[in-house]
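Report on one structure; see the data block that follows.
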Amino acid sequence: MSSKPATATSEQSLDTLRYRPGLGMAPTVQPAAIDAQAEPNAGLQRLREAVQDNSTWVRPLQQEMSRVIVGQKNLVDRLMVALLTNGHILLEGVPGLAKTLSLKTLAHSVALDFKRLQFTPDMLPADIVGTMIYNPQDGGFRTRQGPIFSNLILADEINRAPAKVQSALLEAMQERQVTIGDETYPLPNPFLVLATQNPLEHEGTYPLPEAQVDRFMMKVVITYPTRVEERAILDCMATTEPPLSVRPVVSAGQILKAREIVNTIYVDAKVRDYIVDLVLATRPPTAASLKLNGFIQTGASPRATINLTLAARATAFLNGRHYVTPQDVKTIAMDVLRHRVTVSYEAEAENVSAEDIIQKILDTLPVP
């Protein structure tokens, strides 16, 4: 990208510099934030230094998790994006792919409170949020807080819980608060729900409501390891006492400070327009222009636009940059959008998945 600052003085001139789908590259007029050698803005210089200073824990955390998790680099990166953006994450994969182990390793590598909830069909909301307990000594009720009052919540097999439990969890995920009786209690900060679900079993499971699925910032699909990774797993874990212990390498204060830096990472206007175009491509009439209208039942919500921007900023932070590139957006787009695009019956009949639709959008829309 060019390092020359934009010099347009009118709204019409600024509009001609915007990225527009179908027109290819816009004029190469870019803010000076992209070029590190000719950066006149002292504020952006301080931002670059702040990113470097506050990302020193990233590499140690990756190394600590790699002591237990073999391969799965994409999964580890997405977990760190969730930490940096305060976004919930849903992991989907067949049993045995280290979904639960990855989340437990992350929790133990971070100096935060951690609780694991094993979801079952007979679970009640009080098992999660807590309840009111009668005290016979004074004839009153006192609140007993549930395990949801923790920084990191591992919701294992989340799709096994009934609707009432999902409803109680939805308030915690969206509002980051819990209502018990007549009182509302704020949840600790940071608060993240790290959930897993098995896509194979359907007996004894409850499909998650669309409203709750949309509250997850990302849905990460875990795939089988490669042959090299499988052999490494064998060498490391084929013992009665595998090395699963890790040490905390990052504190809550460091994470909260890093979040402040992530919020200030620069996103160029053309990249912002590209993000909006990606989301709009999942809805009519843009989907129709890409010949996708018949395959999409519901498109991504505005929450996808917000989360895609935040996730792209976190990706830039993890790479030590103080600005977002279009590749950051493309890297994270599949995980942010796949659970927000519902395919139609026609798409299912032709074996077209949401991932296929999103990939076509990424391949078709021009990149600024």
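If you take the square roots of the eigenvalues of the alpha-carbon gyration tensor of the chain and sort them as a ≥ b ≥ c, do you get rounded (a/c under 1.5), prolate (a/b over b/c) or oblate? Since a/c reaches 1.5 and a/b is larger than b/c, the shape of the chain is classed as prolate. The packing ranking of peptides 130-141, 341-352, 252-263, 101-112, highest mean first, is 101-112, 252-263, 341-352, 130-141, where packing means the average number of other beta carbon atoms within 10 angstrom of each residue. Projecting each Cα onto the charge dipole of region 209-368 (Lys/Arg +1, Asp/Glu -1 at the beta carbon, about the Cα centre), which of Thr325, Ser289, Val228 comes out farthest on the positive side? Farthest towards the positive pole: Thr325. Less than 5 angstrom separates the built amide H of Gly130 from those of Gly146, all sequence-distant by 5 or more or on a different chain.
Across region 154-170, rounded Karplus estimates of 3J(HN,Hα) from the backbone phi angles (6.51 cos²θ - 1.76 cosθ + 1.60, θ = phi - 60°) give 8, 9, 7, 6, 4, 7, 8, 8, x, 5, 4, 5, 4, 5, 5, 5, 5 Hz, Gly and Pro being marked x. Reducing region 132-170 and region 284-344 to their Cα centroids gives an inter-centroid distance of 33 Å.
Could you work out how far helix 302-318 tilts from the main Cα principal axis of the chain, as a 0 to 90 degree angle to the nearest 10? It works out to around 80 degrees. Assuming R0 = 35 Å, what is the FRET efficiency of Phe141 and Tyr206, from their Cβ-Cβ distance, to the nearest 0.05? Efficiency for this residue pair is about 0.70. Rounded, prolate or oblate, given the Cα gyration tensor of region 53-204, with a/c below 1.5 counting as rounded? Cα axes put region 53-204 in the oblate bin. Positive end of the dipole of region 126-247 (Cβ unit charges, origin at the Cα centre): among Thr143, Val165, Asn189, the Cα lying farthest that way belongs to Asn189.
Charge dipole (Cα centre; +1 on Lys/Arg Cβ, -1 on Asp/Glu Cβ; no other charges) of region 234-368 amounts to roughly 600 debye.
For the chain, the relative contact order works out to 21 percent when only alpha carbon pairs closer than 8 Å and six or more residues apart are counted.
A dipole drawn for region 247-368 from +1 and -1 charges on Cβ atoms has a positive end, and of Val336, Val262, Pro302 the residue lying farthest that way is Val262. Partner aspartates and glutamates whose Cα lies under 15 Å from the Cα of Lys115, excluding those fewer than 8 positions away in the same chain, are identified as Asp127, Asp156, Glu157.
Cross-linked pairs Lys73/Lys104; Lys99/Lys164; Lys99/Lys360; Lys219/Lys257: Cα-Cα separations exceed 22 Å for Lys99/Lys164; Lys99/Lys360; Lys219/Lys257. Nonpolar atom fraction for the chain, defined as the carbon and sulfur part of the 1.4 Å probe accessible area, stands at 52 percent. Axis of helix 326-337 versus longest Cα principal axis of the chain: the two differ by about 40°, to the nearest ten degrees. Computed with a 1.4 Å probe over protein heavy atoms only, the accessible surface of region 254-368 comes to 41 Å² per residue. If R0 equals 41 Å, the separation of the Cβ atoms of Tyr185 and Thr239 corresponds to a calculated FRET efficiency of about 0.40.
Packing-based ranking of 72-84, 274-286 yields 72-84, 274-286, ordered from highest to lowest mean Cβ neighbour count within 10 Å. Scanning residues 5 or more positions from Ile296 or on other chains, those with amide H under 5 Å from its amide H are Ser344, with H placed 1.01 Å from N in the peptide plane. Rounded, prolate or oblate for region 226-343? Axes are the square roots of the Cα gyration tensor eigenvalues, ordered a ≥ b ≥ c, and the cut-off for rounded is a/c under 1.5. The shape class here is oblate. Solvent-accessible surface of region 40-125, taken per residue with a 1.4 Å probe and all protein chains present: 41 Å².
Given the C-alpha centroids of region 226-247 and region 261-276, what is the distance between them in whole angstrom? Result: 39 Å between the Cα centres. Against the chain, whose longest principal axis is taken from its Cα atoms, helix 99-109 shows a tilt of about 90°. Annotation: amide H of Val250 within the under-5 Å range of Ala111, sequence separation 5 or more or interchain, hydrogens built in the peptide plane.
The values are calculated or read from the model by the stated rules, or taken from the named source; none is laboratory data. Bear in mind that the values here come from a model prediction, so they are computed numbers and not experimental data. When we count neighbours, we look across all protein chains shown, and the Cβ atoms used for this are built from the backbone with ideal geometry, even at glycine. We work out accessible area using only protein heavy atoms, side chains counted, and drop any ligands, DNA or RNA first. Shrake-Rupley method; radii C 1.70, N 1.55, O 1.52, S 1.80 Å.
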